[in-house]
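See structure below.
Derivation of every value follows stated rules applied to the coordinates shown; laboratory data play no part. If you're wondering where the values come from, they're calculated on a predicted model, not measured in any experiment. Because the Cβ atoms are built from the backbone with ideal geometry, glycine has one as well, and the counts that use them run over all protein chains shown.
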């Protein structure tokens with residue numbers, strides 16, 4: 001049974017059209033690192049780059065207080081001339097001592113992503129955070145906590161689960177969202193130099209960037225995070241069985 005409160009998030013890949021998004025649920029007591037592996041799974045990220053979360057703690061607190069006090073009280077607390085009493089941003093990442101020393105400051109506080117839980121980072125509906133993957137291509141996924149649910153009848157094995165979504169996901173090392181839009185246009189056209197180059201690079205002639213298979217996505221989101229945890233937290237390379245799963249060999253076997 002789901003003994004912990006369930007967090008329902010809306011996640012959207014930023015700076016990409018048409019919208020690519022997921023609505024999903026997770027227990028609130030999983031680590032921030034685990035949440036990262038889940039997001040990577042949902043958006044076809046291959047765990048080959050660094051990742052982090054930024055939580056605008058000051059902004060989230062202001063949004064929370066808007067619903068807890070009058071307009072006059074809010075203005076008194078956060079109006080012109082008011083100052084924040086703590087860091088404005090919480091940064092969650094797989095950290096080294098050098099990284100902590102370089103980034104810890106007055107406006108930002110650093111945390112080891114595998115040591116802190118989601119409920120430590122965001123605790124109220126409408127709370128936001130940003131997930132950043134591959135600091136070169138700079139993929140950003142904006143998350144909003146939509147709801148906190150208590151459902152003691154839901155089997156724990158059902159989580160994480162994806163409720164809805166749109167869009168295939170990213171393509172690794174394609175140059176970020178602008179490159180992804182170019183790739184999507186090429187595969188939609190299915191002709192020309194760009195299509196030939198992309199199809200040869202990916203080793204496939206068909207790719208529908210608008211497609212979203214929710215059944216397959218839910219199968220993967222329950223298995224892939226464990227594989228990614230081994231990679232990031234224990235430096236364990238995936239087994240052949242895991243690689244076959246990541247490459248969707250199970251689909252070919254059904255043909």
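Relative to the longest principal axis of the Cα atoms of the chain, the long axis of helix 57-66 makes an angle of roughly 60 degrees. Stretched out straight at 0.36 nm per residue, the stretch from residue 188 to residue 231 would grow longer than its current Cα-Cα span by 12.1 nm.
The shape of segment 102-229 comes out oblate: with a ≥ b ≥ c from the C-alpha gyration tensor, a/c is at least 1.5 while a/b does not beat b/c. Among the listed values (i) 1, 5, 11, 15, 17, 16, 13, 9, 6, 3, 2, 1, 0, 0; (ii) 1, 6, 14, 19, 20, 18, 13, 6, 2, 0, 0; (iii) 1, 6, 12, 14, 14, 14, 14, 12, 8, 4, 1, 0, 0, the one matching P(r) over Cα pairs in 5 Å bins from 0, in percent as calculated from this structure is (i).
Short-range pairs are left out: with C-alpha atoms under 8 Å and at least six residues apart, the relative contact order of segment 131-255 is 21 percent. Measure nothing but the geometry: give the 0 to 90° angle between the long axis through the Cα atoms of 224-234 and the longest principal axis through the Cα atoms of the chain, rounded to 10°. The angle comes out near 70 degrees.
Between residue 71 and residue 218, the distance separating the two model label sites (each 7 Å from Cα on the Cα→Cβ line) works out to 4.4 nm. Working from Cα pairs under 8 Å separated by at least six residues, relative contact order for the chain is 28 percent.
Normalised by the number of residues in segment 153-224, the average gap of Cα pairs under 8 Å and 6 or more apart makes the relative contact order 44 percent. Each peptide in 13-20, 244-251 was scored by the mean count of other Cβ atoms within 10 Å over its residues; highest first, the order is 13-20, 244-251.
Against the longest principal axis of the chain, how steep is helix 193-202, in degrees 0 to 90 to the nearest 10, with axes from Cα atoms? Approximately 80 degrees, to the nearest 10.
For a paramagnetic label modelled on residue 115 (point 7 Å from Cα along Cα→Cβ), amide N atoms under 17 Å away belong, within segment 2-44, to 31-34. Of all the options 204, 22, 220, the one that moves most in a Gaussian network model of the chain with Cα springs shorter than 10 angstrom is 204.
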